[in-house]
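Just so it is clear, none of the values below were taken in a lab; they were calculated from the coordinates. The model shown is predicted, which means the values in this text are computed figures rather than measured ones. Heads up, the Cβs are rebuilt from the backbone with ideal geometry, glycines too, and the neighbour counts pull from every protein chain shown.
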Amino acid sequence: MNFYKHIAAWSFAVIISVGGGLIVSDLALNSGVVADSLRLDDQEATIRAINKTIPGVVSINVFENATVEIFDEATETSRFEEQNIKRGAGSGFLISADGLILTNKHVASAGAEGKTEYKIILHSGKQYYAQLIGKDPIADLAILKIYDKNLPFLELGDSNKLTPGMSVIAIGNALGRYDNSATKGIVSGLGRSLLASGNNGEMENLQNVIQTDAQINFGNSGGPLINLEGKVVGINVAKDEGGESLGFAIPINEAKPVITSARTVGKIIRARLGVRYIIITPEMAEERGLPRTSGALLEPGDDGGPAVFEASPASVVGLQAGDIIFEVDGRKIDERLPLQSYISQFSPGKKLGLKIQRGSEIFTKVVTLDELK
């Protein structure tokens, strides 16, 4: 019986393939047309996005006013004079018509504190000297300002809507020489954490960053990562030289509170919960016998600092060392979304609902974030 069923099925398949030959051919032809059309649509969307974005992308050259010793071989004597020495180059992009520029902190920190000048070059060729508004105490972000009006600025997107596979474009001053270079790729991963080092040797702990295979080269730092609508979804920040096509960007949503504070109060203000923590992994949970396999475990720092800071929002609601914060406003806290990455999306005064486990007890607290000093 089974044999006949197989024969019948095989015969039916042959009839369909023979009788439907022309149809299959038509479908194949139509598929090719559709594929070509999709490729053209993607290409046109890419070109539109780049053309929309480039006018608001800037090159940043960082100079330091330093005392330089000059040796005169003829007289075998030395003299000292003040010179502006180029210390670094990077990218940024305009976020307001009156000249606010978002970039990386490590770009703005290329020169010595108090002795740095920032020369900004627009795509139009216009040049400006910029004022440093502030450096972010949490993320690798900084705000500069040039003074003009009706400047082209970029539209911000929503990085929370990103998913792996989405097309993205990185734009910036590649190698400090090739301004407005654009590279295209996809979102390769989300919620990455890594330890990065800048040219000055400073280490930066980057959390909850976007991974992309769009090439991010030296000099691209601080430039925008955009979607095919030409909206900024990230800020180019680093590359992993240990592999191919491993670029990283800070989600734009983490920069929005920085932008808001720069616009409203003229400096960078960050919100604070007031805790020290480590992110729980399944391996850690098993090793320590913890009641949960994910979340933020509050514990003192290696320097002996407290798990919960005195007079902080966390202390006001009674949090203590050993507590595990595993949800904030219904969002699960884990390696993909560390606690600080979520907190950093808000401004001081924001109320958040925390789900906490203390031993076998689970309870909820509502905290009001204050300002990080």
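Some values worked out for this structure:
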item	result
Relative contact order, percent, the chain [alpha-carbon distance under 8 Å, six or more residues apart]	12 percent
Simple spin-label estimate for Ile278 and Asn84 in nanometres, 7 Å along Cα-Cβ	4.8 nm
Residue-by-residue Karplus 3J(HN,Hα) for region 290-304, coefficients 6.51, -1.76, 1.60, Hz, glycine and proline x	7, x, 9, 9, 8, x, 10, 8, 7, 7, x, x, 4, 7, x
Cα centroid of region 46-120 to Cα centroid of region 304-373, whole Å	38 Å
Potential lengthening between Thr368 and Ser193 on full extension [0.36 nm per residue; Cα-Cα distance subtracted]	60.3 nm
Principal semi-axes in Å for region 271-371 [√(5λ), Cα gyration tensor, largest first]	20, 15, 13
Cα convex hull of region 159-263, projected area averaged across orientations, nm²	6.9 nm²
Amide N of region 75-111 lying under 18 Å from the label point, which is placed 7 angstrom from the Cα of Lys119 along Cα→Cβ	82-92, 107-111
Sites Gln131 and Glu73 - FRET efficiency at Förster radius 25 Å, r taken between beta-carbons, to 0.05	0.05
Answer label, with semi-axes √(5λ) of the Cα gyration tensor in Å calculated from the coordinates and candidates (i) 32, 27, 19; (ii) 47, 31, 20; (iii) 44, 35, 20	(iii)
Modelled FRET efficiency - R0 45 Å, Ser245 with Tyr147, Cβ distances, 0.05 increments	0.70
Rg/Rg_ref, region 55-145, where Rg_ref = 2.2 N^0.38 Å and atoms are Cα	1.31
Label point 7 Å beyond Cα of Glu44 along Cβ direction - residues of region 216-238 with amide nitrogen under 20 Å	227-231
